[in-house]
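Contents: one structure, followed by commentary.
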Amino acid sequence: MVLNSMNISVRKVGKLLSYLGLVPFLMAAVVVLIFNIPVSVVAPVFIIYSALILSFMSGALWGMSFIFDERKDCIQLVSVMYPLIAWGLILWGNMLLTLVCLSLSYIHLWWFEKRLFAHAQIGVQYQQMRLLLTTLVVLSHLAVIFYSLL
(Lines give C-alpha, C1' and ligand atoms only; values in the text may rest on other atoms or scores of the structure.)
Protein backbone atom coordinates (compact mmCIF):
# COMPACT_ATOMS: atom_id res chain seq x y z
CA MET A 1 0.00 0.00 0.00
CA VAL A 2 1.42 3.36 -0.98
CA LEU A 3 0.67 6.65 0.63
CA ASN A 4 1.06 9.12 -2.22
CA SER A 5 3.86 11.44 -1.10
CA MET A 6 2.01 12.40 2.06
CA ASN A 7 3.79 12.20 5.37
CA ILE A 8 1.31 12.21 8.22
CA SER A 9 2.70 13.29 11.56
CA VAL A 10 1.02 14.17 14.80
CA ARG A 11 1.41 17.85 15.49
CA LYS A 12 0.80 19.71 18.72
CA VAL A 13 -2.56 21.15 17.66
CA GLY A 14 -3.73 17.79 16.35
CA LYS A 15 -2.72 16.10 19.58
CA LEU A 16 -4.41 18.76 21.68
CA LEU A 17 -7.64 18.53 19.71
CA SER A 18 -7.55 14.74 19.84
CA TYR A 19 -7.19 14.67 23.60
CA LEU A 20 -9.77 17.42 24.08
CA GLY A 21 -12.18 15.22 22.14
CA LEU A 22 -11.88 12.72 24.98
CA VAL A 23 -13.20 15.16 27.58
CA PRO A 24 -16.94 14.58 26.94
CA PHE A 25 -16.44 10.80 26.96
CA LEU A 26 -14.58 10.89 30.26
CA MET A 27 -16.92 13.48 31.77
CA ALA A 28 -19.92 11.26 31.06
CA ALA A 29 -18.25 8.31 32.76
CA VAL A 30 -17.26 10.46 35.75
CA VAL A 31 -20.73 12.00 36.05
CA VAL A 32 -22.31 8.55 36.13
CA LEU A 33 -19.71 6.94 38.40
CA ILE A 34 -19.02 9.69 40.92
CA PHE A 35 -21.98 12.06 40.93
CA ASN A 36 -24.65 9.36 40.56
CA ILE A 37 -26.44 11.20 37.77
CA PRO A 38 -28.89 8.69 36.26
CA VAL A 39 -27.64 6.90 33.17
CA SER A 40 -30.97 7.67 31.54
CA VAL A 41 -29.97 11.36 31.61
CA VAL A 42 -26.31 10.95 30.60
CA ALA A 43 -26.50 8.13 28.05
CA PRO A 44 -28.49 9.90 25.31
CA VAL A 45 -26.03 12.83 25.21
CA PHE A 46 -23.09 10.42 25.43
CA ILE A 47 -24.44 8.32 22.56
CA ILE A 48 -25.03 11.35 20.31
CA TYR A 49 -21.52 12.66 21.00
CA SER A 50 -20.04 9.22 20.38
CA ALA A 51 -21.88 8.90 17.06
CA LEU A 52 -20.71 12.38 16.04
CA ILE A 53 -17.07 11.58 16.78
CA LEU A 54 -17.32 8.20 15.05
CA SER A 55 -18.84 9.94 12.01
CA PHE A 56 -16.04 12.52 12.03
CA MET A 57 -13.39 9.81 12.22
CA SER A 58 -15.11 7.93 9.40
CA GLY A 59 -15.09 11.07 7.31
CA ALA A 60 -11.35 11.35 7.82
CA LEU A 61 -10.99 7.74 6.70
CA TRP A 62 -13.07 8.54 3.61
CA GLY A 63 -10.67 11.36 2.80
CA MET A 64 -7.69 9.04 3.25
CA SER A 65 -9.18 6.64 0.70
CA PHE A 66 -8.34 9.07 -2.09
CA ILE A 67 -4.61 8.95 -1.42
CA PHE A 68 -4.29 5.17 -1.26
CA ASP A 69 -3.58 3.30 -4.46
CA GLU A 70 -5.08 0.05 -3.21
CA ARG A 71 -8.26 -0.88 -1.35
CA LYS A 72 -9.96 2.43 -2.11
CA ASP A 73 -13.40 0.82 -2.39
CA CYS A 74 -12.97 -1.11 0.86
CA ILE A 75 -11.87 2.01 2.73
CA GLN A 76 -14.83 3.99 1.43
CA LEU A 77 -17.26 1.21 2.30
CA VAL A 78 -15.94 0.94 5.85
CA SER A 79 -15.97 4.72 6.29
CA VAL A 80 -19.65 4.90 5.33
CA MET A 81 -20.59 1.82 7.36
CA TYR A 82 -19.80 3.32 10.80
CA PRO A 83 -22.08 6.37 10.66
CA LEU A 84 -24.92 4.38 9.09
CA ILE A 85 -24.78 1.78 11.85
CA ALA A 86 -24.41 4.36 14.63
CA TRP A 87 -27.23 6.63 13.50
CA GLY A 88 -29.44 3.70 12.55
CA LEU A 89 -29.11 2.29 16.05
CA ILE A 90 -29.83 5.69 17.58
CA LEU A 91 -33.04 5.89 15.55
CA TRP A 92 -33.93 2.35 16.60
CA GLY A 93 -33.75 3.48 20.21
CA ASN A 94 -32.08 0.56 21.99
CA MET A 95 -29.62 2.33 24.31
CA LEU A 96 -27.65 -0.73 25.43
CA LEU A 97 -27.27 -2.16 21.93
CA THR A 98 -26.21 1.25 20.63
CA LEU A 99 -23.54 1.62 23.33
CA VAL A 100 -22.17 -1.85 22.65
CA CYS A 101 -22.10 -1.32 18.88
CA LEU A 102 -20.45 2.08 19.25
CA SER A 103 -17.75 0.50 21.43
CA LEU A 104 -17.17 -2.26 18.92
CA SER A 105 -17.10 0.27 16.09
CA TYR A 106 -14.29 2.23 17.76
CA ILE A 107 -12.31 -0.97 18.26
CA HIS A 108 -12.89 -2.07 14.67
CA LEU A 109 -12.00 1.37 13.30
CA TRP A 110 -8.72 1.33 15.25
CA TRP A 111 -7.94 -2.19 14.00
CA PHE A 112 -8.86 -1.27 10.42
CA GLU A 113 -6.65 1.84 10.48
CA LYS A 114 -3.79 -0.12 12.03
CA ARG A 115 -3.94 -2.66 9.21
CA LEU A 116 -4.47 0.01 6.58
CA PHE A 117 -1.51 2.09 7.72
CA ALA A 118 0.79 -0.86 8.43
CA HIS A 119 2.79 -0.26 5.26
CA ALA A 120 2.31 3.49 5.03
CA GLN A 121 4.52 6.10 6.57
CA ILE A 122 2.31 6.77 9.56
CA GLY A 123 4.28 7.77 12.60
CA VAL A 124 4.56 5.61 15.68
CA GLN A 125 3.38 8.62 17.69
CA TYR A 126 0.09 8.68 15.82
CA GLN A 127 -0.45 4.95 16.25
CA GLN A 128 0.28 5.16 19.99
CA MET A 129 -2.05 8.12 20.37
CA ARG A 130 -4.85 6.32 18.49
CA LEU A 131 -4.47 3.26 20.69
CA LEU A 132 -4.65 5.35 23.87
CA LEU A 133 -7.62 7.38 22.62
CA THR A 134 -9.49 4.28 21.49
CA THR A 135 -8.82 2.52 24.78
CA LEU A 136 -10.13 5.45 26.82
CA VAL A 137 -13.18 5.92 24.59
CA VAL A 138 -14.06 2.22 24.85
CA LEU A 139 -13.53 2.23 28.63
CA SER A 140 -15.88 5.20 28.94
CA HIS A 141 -18.47 3.30 26.90
CA LEU A 142 -18.02 0.29 29.18
CA ALA A 143 -18.55 2.46 32.26
CA VAL A 144 -21.83 3.80 30.86
CA ILE A 145 -22.86 0.29 29.80
CA PHE A 146 -22.04 -1.10 33.25
CA TYR A 147 -24.10 1.53 35.04
CA SER A 148 -26.97 1.17 32.61
CA LEU A 149 -27.21 -2.48 33.67
CA LEU A 150 -27.54 -1.65 37.37
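Listing for the model above:
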| item | result |
| --- | --- |
| Test: residue in the stretch 104-115 that is of a type in the set (A, V, I, L, M, F, W, C), over 17 Å from L139 (Cβ atoms) and assigned to a helix (DSSP H, G or I) | yes |
| Exclusive hit being over 17 Å from M64 (Cβ atoms) and aromatic (F, W, Y), set W110, W92 | W92 |
| Contacts under 7 angstrom Cβ, first residue in the stretch 43-68 being under 17 Å from M81 (Cα atoms), partner of a type in the set (F, W, Y) and in a strand (DSSP E or B), 6 or more apart | none |
| Residues of the stretch 14-41 satisfying the condition of being part of a loop (DSSP other than H, G, I, E, B) and over 13 Å from I145 (Cα atoms) | G21, L22, I34, F35, N36, I37 |
| Tally of residues being of a type in the set (D, E) and part of a helix (DSSP H, G or I) across the stretch 43-71 | 0 |
| Top-ranked residue in the stretch 103-126 [being among the polar types (S, T, N, Q) and out of contact with any helix residue (DSSP H, G or I) (no Cβ under 7 Å at 6 or more places or on another chain); ranked as modelled with the lowest pLDDT] | Q121 |
| Every residue from the stretch 29-77 that is under 17 Å from the mean Cα position of the chain (by Cα), of a type in the set (V, I, T) and at pLDDT below 90 | I75 |
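The values are calculated or read from the model by the stated rules, or taken from the named source; none is laboratory data. The structure displayed is predicted, hence computed values, not measured ones. In this analysis, Cβ positions are derived from the backbone assuming ideal geometry, glycine residues included, and neighbour counts consider all displayed protein chains.
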